[in-house]
Amino acid sequence: MGVLAALKSIVRKNSAGSDFIHRRLNLIEGTNVTLTVADDPTNDEIDVTIAAAGAAGAPSDADYLVGTANAGLSAEIVVGTTPGGELGGSWAAPTVDATHSGSAHHAQSHDHSVAGDNTALVPESVEISGGPLATRGDISPAQITANQNDYNPTGLADAVVLRLSSDAARDVTGLAGGADGRILTIHNVGSQTITLKDENAGSSAANRFALAADVILAGDDGAVLQYDSTSSRWRCIGSSVNTGGTPADQSITSRMVSLTVSQAEVTTQETTTSTTYTDLTTSGPAVTLSPGVSQDHLIFVMSRCQNSVAAQASYASVAIAGATASDNDACTTGATIDHYRMTRITHAAAVADGSTHTMRYRVAGGTGTYSFRRIIGVAL
Amino acid sequence: MRTRIGNPYNEPHGLSCRNIDWVAPPGTSPDALPALLEAQLPGFHLEASRGDAHGFISTSLRPDGSLYVCVTLYDFECSDPQCQLGHPDVAFHQAPQLTAGQLDAMQQATGIHSINLDGTGADIARLRALGFADADVPMRGA
């Protein structure tokens, strides 16, 4: 062994602890550490470079969620050692508080009434995939014993269905509580007639009904109304009764249809030479139609007629509701031979209730002779 | 024979007319009346085939075969071709006043039924006897 070999090194960790004295020092690469040993004879040294073998460590300025603040971090979010707010328990097993958990929260989301926030649901659309569909919220106000203006029974504000009855035939000229799009169903649960009056000035404008005609609800009839805020009126979108307006084309199968029909006839043979429409000596015949409401009328006029002069026309027409008779509504003949003619059927639209239609006669020339004059009126 | 002033036939101009009526015996032809009566009233046109008229004739065949006759004479003029009352090609002329002789001549031309009118209150019963009802034209203004 040489001199150098006889030299021994003393190694101590962290300037403390035990001294280890041997001739040779082994530097061993630990985990993630690399050693580089280089001889430096010039300076009579041995260079040992110790370096970390892995990647760089985690950044200290990242947004860490930590239970408590850490001095080595600069942007950590301290959430506490246990969950807070609507959460409870521990981070390992968080819980949800009673307000926001389970069936109670579900019920509140879908019932905005008593336990909720009373905010109306306003969905873009509603689809009901299965029934039944029910509209509750019906009220049964006290029996109506007088005509009602601006009708506003207790509970109307929250009602969906009005169950009405009256002691006699009564009118309702308007209804409070209109709001855009509101739908209200009215049932006449009594036996007396309740009439929803069209544009009746008895009620304030914003409470009135805009109807084709009065809606007459007999016992057990009903109507569905919707409020139109653009025109500030209640409008009828469906009813179980005939409103008296002109119906759209409809097909009726296997139903009893009640029509108001009236007919009259004069058989006497009479003549005229008048060139304007006049009565004959026995005037008429005439019919008066009183179905109770304004309606369309079909009017049939027919007569045996002839003229004393060939090619001169004899006309039998009708004065509709007192208006001047017209050739457009007349049956006519230009023959000297007795003819039995039936006119085109005259359709008179929206004729006032109680109107009378009377046959009238004229000639273009010569003498017109008429007999068996008949008129039939039908209120549709 | 009697004369009523008014518009019992509801002539649509709504103006007053002279209405002369009587009852002719059975067998009187209504078609023959215009020519028969115009012959008694020179210048009058009582049917419109010539484009003008002074009035018109109405008749009613009664159950006993007699013929109620009424001559309605216009007391107004209307020659407006645009008149909306339906006589575009016929001018209405106001009829001259008739003399007693002309009135009688008309009656004599058709003959007179045993039940005739005289313009008195008894006419109502006579008209009823002929089968007229209260709403019929002969009762208007009677």
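The values are calculated or read from the model by the stated rules, or taken from the named source; none is laboratory data. The structure displayed is predicted, hence computed values, not measured ones. Cβ atoms come from the backbone with ideal geometry, glycine included; neighbour counts cover every protein chain shown.
Mind counting the residues in the stretch B:72-104 that are in a loop (DSSP other than H, G, I, E, B) and either under 15 Å from B:Glu38 (Cβ atoms) or of a type in the set (Lys, Arg) (or both)?
4
Report, by residue number, each residue of the stretch A:280-315 that is more than 41 Å from the chain's Cα centre (by Cα), assigned to a loop (DSSP other than H, G, I, E, B) and surrounded by fewer than 19 Cβ atoms within 10 Å (Cβ to Cβ).
Within the stretch A:280-315, A:Ala310, A:Ala311 meet the criteria.
Across the stretch B:75-90, what is the total count of residues that are farther than 29 Å from B:Ala24 by Cα and among the aliphatic types (A, V, I, L, M)?
The qualifying residues number 1.
Give the residues of the stretch B:119-135 that are among the acidic types (Asp, Glu) and in contact (Cβ under 8 Å) with a residue 40 or more places away in the chain, sorted by residue number.
The answer is B:Asp123, and nothing else.
Does at least one position in the stretch B:73-91 carry a residue that is at pLDDT 90 or above and more than 25 Å from A:Arg362 (Cα to Cα)?
Scanning the stretch B:73-91 turns up no residue that is at pLDDT 90 or above and more than 25 Å from A:Arg362 (Cα to Cα).
Restricting to the stretch A:264-279, name every residue that is over 58 Å from the mean Cα position of the chain (by Cα) and not in a loop (DSSP other than H, G, I, E, B).
Answer for the stretch A:264-279, where residues must be over 58 Å from the mean Cα position of the chain (by Cα) and not in a loop (DSSP other than H, G, I, E, B): A:Glu270, A:Thr271, A:Thr272.
Could you check how many residues of the stretch B:67-93 are of a type in the set (Ser, Thr, Tyr) and in contact with a Leu (Cβ under 7 Å, 6 or more places away or on another chain)?
1
Given the residues B:Gln107, B:Gln40, which is the only one that is over 22 Å from A:Asp279 (Cβ atoms), in a loop (DSSP other than H, G, I, E, B) and away from chain A (no Cβ under 14 Å)?
Among B:Gln107, B:Gln40, only B:Gln40 is over 22 Å from A:Asp279 (Cβ atoms), in a loop (DSSP other than H, G, I, E, B) and away from chain A (no Cβ under 14 Å).
Within the stretch B:93-118, track down each residue that is farther than 24 Å from B:Gly27 by Cα and either touching a residue at least 60 places away in the same chain (Cβ under 8 Å) or among the β-branched types (Val, Ile, Thr) (or both).
B:Ala95, B:Leu98, B:Thr99
Could you please give the count of residues in the stretch B:78-94 that are under 15 Å from A:Asp327 (Cα atoms) and hydrophobic (A, V, I, L, M, F, W, C)?
Matching residues across the stretch B:78-94 total 2.
Examine the stretch B:125-137 for a residue that is surrounded by fewer than 11 Cβ atoms within 10 Å (Cβ to Cβ), within 14 Å of chain A (Cβ to nearest Cβ) and more than 16 Å from the chain's Cα centre (by Cα), and state whether such a residue exists.
The answer is yes; a qualifying residue exists.
Sort out which residues of the stretch B:54-92 are within 7 Å of chain A (Cβ to nearest Cβ), more than 10 Å from the chain's Cα centre (by Cα) and more than 12 Å from A:Glu270 (Cα to Cα), and write them in order of number.
Across the stretch B:54-92, the qualifying residues are B:Leu85, B:Gly86, B:His87, B:Val90.
Given the conditions (1) within 14 Å of chain B (Cβ to nearest Cβ); (2) of a type in the set (Val, Ile, Thr); (3) more than 24 Å from B:Leu46 (Cβ to Cβ), and given that A:Val293 satisfies all but one, which numbered condition is not satisfied?
Here A:Val293 meets the rest and fails (1).
Being of a type outside the set (Asp, Glu) and either within 8 Å of chain A (Cβ to nearest Cβ) or in contact with a Ser or Thr (Cβ under 6 Å, 6 or more places away or on another chain) (or both) is the filter here; which residues of the stretch B:26-37 pass it?
B:Pro26, B:Thr28, B:Pro30, B:Leu33, B:Pro34
With the structure loaded, tell me whether B:Glu47 is of a type in the set (Asp, Glu) and within 9 Å of chain A (Cβ to nearest Cβ) or whether it fails that test.
Spelling it out, B:Glu47 is indeed of a type in the set (Asp, Glu) and within 9 Å of chain A (Cβ to nearest Cβ).
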